[in-house]
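The values are calculated or read from the model by the stated rules, or taken from the named source; none is laboratory data. Here the structure is a predicted model, which is why all the values come from computation and not from measurement. Heads up, the Cβs are rebuilt from the backbone with ideal geometry, glycines too, and the neighbour counts pull from every protein chain shown. Side chains are part of the model used for accessible areas, which takes the heavy atoms of the whole protein and leaves out ligands, DNA and RNA. Shrake-Rupley method; radii C 1.70, N 1.55, O 1.52, S 1.80 Å.
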Amino acid sequence: MKRFFLDLLFPKRCVGCRKFGSFLCSNCFSYISFTTNFSCPQCNAPAFNGMTHPKCSKKYGLDGVVPVVVYKGIVKKLLYQFKYPPYLSGLAPILSEILYEGLIQNEHFYKILETGPIFVPVPLHATRLKSRGYNHAGLLAEGLATKLGYSYVAQYLIRIKNTKPQYKLKKEERLKNIKNAFNLNAKYVMSVKGKTIIVVDDITTSFATLSECAKVLKRAGASQVVGVTLAKEA
């Protein structure tokens, strides 16, 4: 009932064309490009389904990153509204559905699911979480895990460093900015050993954030860490 009255007072409009009815109309959805260009997160060269090249594999490195759509046009607008004022958390179901639809087309991703993974989000620092009111990556991870029928843990990782926004920085600055930004939550030290962890974020550019998460998880005993993102810059 509360949602009904909110929709009456503040009717939904398409983020792209501003048409009333929903946050994403069918016409604007048609402009979303699902990515077919996957890269090795270590060397950034083309890689089958986004998995790390065997020769690039590192003991504490990512085993792959699977993005779903290209970061341009309507996708940029959706993610901006999702992360910044007016903070449209209601976009989460739509974005989770796009994430899900893209991933189920990826055959190798099913092999990862066969290992019984735990889905976790890239965490926000407490300061930013308080100002926004929610972790956007957490909403995506929870929605995806629910659709796929796997475990989701909101605070598996903890952000201990209040970093600058990565998009404002050059590659070298991003690596320095995100270094040692995360810790494993002490409550899950035992559960991580031998597990496959899927770390979910909204967008990847240089793989720096996901790589730092992987380092923490692998050092704690995770057998496989794969990043999943809604978008990747073209």
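Using only helices, what value at 222 nm comes out for the chain when you add -39,500 (n - 2.57) per DSSP H run of length 4 or more and divide by the total residues, to the nearest 500 deg cm²/dmol?
My calculation for the chain gives -10000 deg cm²/dmol from helical runs alone.
Provide the FRET efficiency to the nearest 0.05 for the H108-K130 pair, computing r from the beta carbons and using R0 = 25 Å.
0.10
Would you mind telling me the share, in percent, of accessible area of the chain contributed by carbon and sulfur at probe 1.4 angstrom?
The C+S portion of the solvent-accessible surface of the chain is 55 percent.
Roughly how tilted is helix 74-83, in degrees to the nearest 10 and between 0 and 90, from the longest Cα axis of the chain?
That helix lies at roughly 80 degrees to the long axis.
Expressed as cubic angstrom per residue, what is the convex hull volume of the alpha carbon set of segment 1-131?
So the per-residue hull volume is 163 Å³.
Length gain on complete extension for the stretch K164 to S22, per 0.36 nm per residue less the alpha carbon to alpha carbon distance?
Once the chain is fully extended between K164 and S22, it gains 47.9 nm.
To two decimal places, what compactness ratio does the chain give when its Cα radius of gyration is scaled by 2.2 N^0.38 Å?
Against the compact-globule rule of thumb, the ratio is 1.00.
Over segment 96-152, with the other protein chains present, what is the accessible area per residue in square angstrom, probe 1.4 angstrom?
For segment 96-152, the per-residue accessible area is 46 Å².
What do you get for trypsin sites (Lys or Arg not before Pro) in segment 169-213 restricted to DSSP loop and a cutoff of at most 15 other Cβ within 10 Å of the site's Cβ?
K170, K179, K193
What pairs from K12/K161; K58/K168; K111/K170; K171/K215 go past 24 Å between their alpha carbons?
K12/K161; K58/K168; K111/K170
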